[in-house]
1. On full extension of the chain, what length is gained from K196 through I156, given 0.36 nm per residue of separation minus the C-alpha to C-alpha distance?
2. Using only helices, what value at 222 nm comes out for the chain when you add -39,500 (n - 2.57) per DSSP H run of length 4 or more and divide by the total residues, to the nearest 500 deg cm²/dmol?
3. Of all the Cα-Cα pairs you can form in the stretch 218-280, what percent are over 18 Å apart?
4. Net charge within 15 Å of E177 by Cβ-Cβ distance, Lys/Arg positive one each and Asp/Glu negative one each, not counting E177 itself?
5. Antiparallel DSSP bridges in the chain: what percent, to the nearest 5?
6. Report, to one decimal in Å, the Kirkwood hydrodynamic radius for the stretch 52-177 based on all distinct Cα pairs.
7. For the chain, what is the charge dipole size about the Cα centre, in debye to the nearest 20, if Lys and Arg each add +1 at the Cβ and Asp and Glu each add -1 at the Cβ?
8. Ignoring ligands, DNA and RNA, please state the percent of accessible area on the stretch 1-116 from carbon and sulfur, probe 1.4 Å.
Amino acid sequence: MGLRMKKTGLVLEGGAMRGMYTAGVLDVFLEHDITFDGVIGVSMGAITGCSYISGQKGRTIRYNKKYCKDKRYMSFYSLVTTGDLVGNEFCYHTLPEQLDVYDNEAFKQSKTEFYVTCTDVETGEAEYIKINDMVEEIDYLRASASMPYVSRIVEIGGMKLLDGGCSDSIPVRTFTEMGYEKNVVILTRPAEYRKKPENKKLVRLFYKKYPEFTKTLERRAEVYNKTIEEIRQLEQQGKVFVIRPEKPLEIGRMSHDAEKIERAYERGRADGFACLQKLKDWLEADEVCRKGSD
């Protein structure tokens, strides 16, 4: 009897414009037909992940370079006029429906399951939401990427949601518990990075109506750094495959510089190519064991 094949998962960290690194890696995956049983993304990781599942190579870098300086996209103007730093109508409707059309049919036909991570501000807990239709359920994607302090709370599905990175920036443990036993993790920070604590006064000023959420934000750095250590141990044990930049990406979270966006993307492509054979061998290891046991 052959060994049971492990379900493969792809876990995508956020990081706003650092996500262009992830977009570069994912385009290499598309070029070499590397697929997974499931993908879970957080914030910008969810945004890059959905174009990967629809098979639209180059889409993420294309529209980010083209519209990064558009005041409707991500700007102080948008924050003042709409309450969201990242414009809801432009980014989640005008852009994917008219300007750089998202292939929702390809997404729905994909065999890969797609989850986004959000944070419920009333409970302070992470919510892992499976998306089946990127048009009908676009607000879950928006919620996952709605950064605290500069975004309105997204009310959907009976919940009040914000950025998944507030509660679970890299949900590799959760994805494993959900049945994805063999996970590839794409990070947007180098191995030595550790998050610094939030400003507690700022947290309590903004979210005093949501005490559980304030606790979550105050613990955010501790939880993140613990997760990074867990991932390091899993990587050493060969239980996860990690792709991350060797050095800090030379791009800010809110960058409007098309050249820096391109460079971050190319860093991702280079690292994707560099680890390609090793990744294929790692993903195929269970299949080799199974064939040898049949």
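The values are calculated or read from the model by the stated rules, or taken from the named source; none is laboratory data. The shown structure was predicted, so the numbers you read here are calculated from the model rather than taken from an experiment. Backbone-built Cβ (ideal geometry, glycine too); neighbour counts: all protein chains shown. Only protein heavy atoms, including side chains, enter the accessible area calculation; ligands, DNA and RNA are left aside. Shrake-Rupley method; radii C 1.70, N 1.55, O 1.52, S 1.80 Å.
1. Using 0.36 nm per residue and subtracting the Cα-Cα distance, I get 11.3 nm.
2. Details: 12 runs with 125 residues, N = 294.
Helix-only estimate at 222 nm: -12500 deg cm²/dmol.
3. Working: 1078 of 1953 pairs.
More than 18 Å apart: 55 percent of the Cα pairs in the stretch 218-280.
4. On the way: positive: K6, K7, K130, R173, K182, K239; negative: D37, E113, E125, E127, D168, E181, E230.
Net local charge, E177 excluded: -1.
5. On the way: 13 of 31 bridges.
Within the chain, antiparallel bridges account for around 40 percent of the total.
6. Working: mean 1/r = 0.0650 Å⁻¹.
Computed over the stretch 52-177, the radius equals 15.4 Å.
7. Values: 46 positive and 46 negative charges, 202 e Å.
Around 980 debye, computed over the chain.
8. On the way: 2450 of 4740 Å².
Taking all protein chains in place, the stretch 1-116 shows 52 percent carbon and sulfur surface.
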